[in-house]
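Okay, so here's the structure we're looking at.
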Amino acid sequence: MRFPVRTRKGKMPTVAWQRPSFFLLAGGGLFLLGAFVGFYLFFPAEALKQRIIQEVGTRTRVVVQIDQVTLYPLLTLDAERVSLNIAGLPQPLEIEQLSVTPK
């Protein structure tokens with residue numbers, strides 16, 4: 001029967017999975033991963049679309065129509081088929097795709 005070899009000062013060697021700090025880091029990493037995945041899966045894109053339409057309409061007196069708003073990783077917001085009805089123009093201003101990212 002073999003006994004584990006003691007290191008200096010009489011401490012037993014510990015394996016990586018036996019350290020409490022490993023479990024804390026792994027648990028924190030899994031929590032952050034789940035939070036990011038949940039944020040992107042359940043992002044309220046329709047509510048954000050209505051908010052953008054309302055804000056642009058009240059601040060500039062321009063009628064805005066947006067077909068779809070999506071959020072991509074690293075906080076890129078894409079709006080597809082944006083239509084701006086400006087009073088002085090004979091036709092609405094059509095924007096096929098609008099992408100907004102923070103700097």
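Taken together, the values in this text are just the output of simple stated rules run on the coordinates, not laboratory data. Small disclaimer: the values here were computed from a predicted structure and weren't measured. Don't worry about glycine lacking a Cβ; one is built from the backbone with ideal geometry, like all the others, and counts go over all protein chains shown.
Observations, loosely collected:
- The dipole here belongs to segment 45-100: it is taken about the Cα centre, uses +1 on the Cβ of Lys and Arg and -1 on the Cβ of Asp and Glu, and is about 280 debye.
- Dipole of segment 45-100 computed with +1 at Lys/Arg Cβ and -1 at Asp/Glu Cβ about the Cα centre; of Ser83, Thr58, Leu71, farthest Cα towards the positive end is Thr58.
- Square roots of five times the Cα gyration tensor eigenvalues for segment 45-100, Å: 21, 13, 8
- Exposure proxy ranking, count of Cβ atoms within 10 Å, fewest first, for Arg51, Arg59: Arg59, Arg51
- Glu96 sits among other residues whose Cβ lies under 12 Å from its own Cβ, and their net charge, with Lys and Arg +1 and Asp and Glu -1, is -3.
- Applying 1/(1 + (r/R0)^6) with r as the Cβ-Cβ distance of Gln50 and Asp78 and R0 = 22 angstrom yields a FRET efficiency of 0.85.
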